[in-house]
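Quick notes on the structure that follows.
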Amino acid sequence: MTDAHSSVEDLRPDFDAVLHRRRAVRAFRTDPVPEDLLTEVLDDAAQAPSWSNTRPYMLAIATGERAERIRAAYAAEFDRSAAAQRGDKAAMAKLALTGSMPDGDYKVWAPYPADLRMRSVRLGKALYTHIGIPRGDKAARDAYNRRNGEAFGAPVIGFVLVHSGIMPFAAMDAGLMLQTLFLSATAHGLATCPIGMLAAWRRPIDAEFEVPEEYKLITGFALGYEADEPINAFRAEHDPIGLVPPREG
Ligand SMILES: Cc1cc2nc3c(=O)[nH]c(=O)nc-3n(C[C@H](O)[C@H](O)[C@H](O)COP(=O)(O)O)c2cc1C
């Protein structure tokens, strides 16, 4: 801690600024992120707490040509499976027959529990309304969703892998680390977006990285410089944390 930050009161404005500047950014400029800047952000992320200090996760970081190959591979996976995602049974059968089913370690597209689904629907509606995609316009939705596969054009595409031998704690620790990484990136003038959709497929990352057997892909993320695009003016609502009611008496 520096002298300028000798009291809790002094820390608060800086924390607020970084916390509230971070948000999911969904359009990036193509400018590369300097390697030393990326290293600083990863070093900051290493400061995150973890279960028994085991740090039960790894990152795979793609930049440059590797990121472009990964982007193309994910876009191709998305195109192959878009109709099946929408529930088209014939398209699903074709995916299965051609061995192109999503091969992610976890079921990214599993239905949400009813009590959480409404939140996700509310986000989807707000986002589609913000970018002007009308309800029922499947082609426009597909075109937008495909951008997830392309990591929204970000120059850095990251993947978070969790140790399967210490779940669910590994998933929790990975989340703590990822938010630390995001806040550090924000403080360094960078923008980020977690992209769970990238975890629907393993093939594109396995083609580019030697992932140890026990590590499973839990999410991807985009990192780079925010583009001046209307989608980046979107703000998600942040409801208060749900509090479990205490028992009476
Ligand atoms: C693990 C994880 C996966 C996510 N996956 C996606 C994704 O695939 N696509 C997307 O646009 N946003 C994704 N998000 C971003 C959330 O929608 C976003 O964090 C939430 O709506 C709150 O908005 P904010 O981050 O802008 O504050 C993901 C967030 C997390 C934590």
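You will find that of Phe182, Phe209, Phe169, the residue that is within 23 Å of Asp16 (Cα to Cα), at pLDDT 95 or above and either open to solvent by less than 20 Å² (accessible area, probe 1.4 Å) or more than 10 Å from the ligand (Cβ to nearest atom) (or both) is Phe182 and no other. With respect to (1) of a type outside the set (Val, Ile, Thr); (2) within 16 Å of the ligand (Cβ to nearest atom); (3) open to solvent by less than 70 Å² (accessible area, probe 1.4 Å); (4) in contact (Cβ under 8 Å) with a residue 24 or more places away in the chain, the lone exception for Arg21 is condition (3).
Scan Pro245, Pro194 and give me the residue that is open to solvent by 40 Å² or more (accessible area, probe 1.4 Å), at pLDDT 95 or above and within 28 Å of Asp31 (Cβ to Cβ).
Only one candidate passes the filter, namely Pro194.
Table: residues versus (1) in a helix (DSSP H, G or I); (2) more than 30 Å from Glu229 (Cβ to Cβ); (3) out of contact with any His (no Cβ under 9 Å at 6 or more places or on another chain).
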| site | (1), (2), (3) |
| --- | --- |
| Asp10 | yes, yes, yes |
| Phe15 | yes, no, yes |
| Val18 | yes, no, yes |
| Asp36 | yes, no, yes |
| Val41 | yes, no, no |
| Leu59 | no, no, yes |
| Arg71 | yes, no, yes |
| Tyr74 | yes, no, yes |
| Arg80 | yes, no, yes |
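For Gly153, the test of being more than 12 Å from the ligand (Cβ to nearest atom) and either buried (at least 22 other Cβ atoms within 10 Å of the Cβ) or under 26 Å from Ala126 (Cα atoms) (or both) is passed. Entry remark, the stretch 212-233: residues being open to solvent by less than 20 Å² (accessible area, probe 1.4 Å) and more than 15 Å from the chain's Cα centre (by Cα) number 2 in total.
For the stretch 185-206, give me each residue that is within 13 Å of the ligand (Cβ to nearest atom) and part of a helix (DSSP H, G or I).
Within the stretch 185-206, the first condition is being within 13 Å of the ligand (Cβ to nearest atom), and the residues that meet it are 185-186, 191-201.
Across the stretch 185-206, the qualifying residues are Ala185, Thr186, Gly196, Met197, Leu198, Ala199, Ala200.
Tell me yes or no: at least one residue of the stretch 2-20 is under 29 Å from Ala207 (Cα atoms) and not charged (D, E, K, R). No, the stretch 2-20 has no match at all. When the stretch 105-119 is filtered for residues that are open to solvent by 80 Å² or more (accessible area, probe 1.4 Å) and in a loop (DSSP other than H, G, I, E, B), the ones remaining, listed by number, are Tyr106, Lys107, Trp109, Pro111, Tyr112. Taken together, Arg86, Arg71, Arg80 contain a single residue that is within 22 Å of the chain's Cα centre (by Cα) and modelled with pLDDT of 95 or more, which is Arg71. In the condition set (1) farther than 30 Å from Asp36 by Cα; (2) touching a residue at least 24 places away in the same chain (Cβ under 8 Å); (3) in a helix (DSSP H, G or I), Pro102 is compliant with all but (3). Taking the stated definitions as given, is Glu248 out of contact with any Pro (no Cβ under 9 Å at 6 or more places or on another chain), among the charged types (D, E, K, R) and within 16 Å of the ligand (Cβ to nearest atom)? No, not satisfied.
The values are calculated or read from the model by the stated rules, or taken from the named source; none is laboratory data. Every value quoted in this text rests on a predicted model; they were computed, and no experiment measured them. Don't worry about glycine lacking a Cβ; one is built from the backbone with ideal geometry, like all the others, and counts go over all protein chains shown. Calculation scope for accessible area: heavy atoms of the full protein, side chains included, ligands and nucleic acids excluded. Shrake-Rupley method; radii C 1.70, N 1.55, O 1.52, S 1.80 Å.
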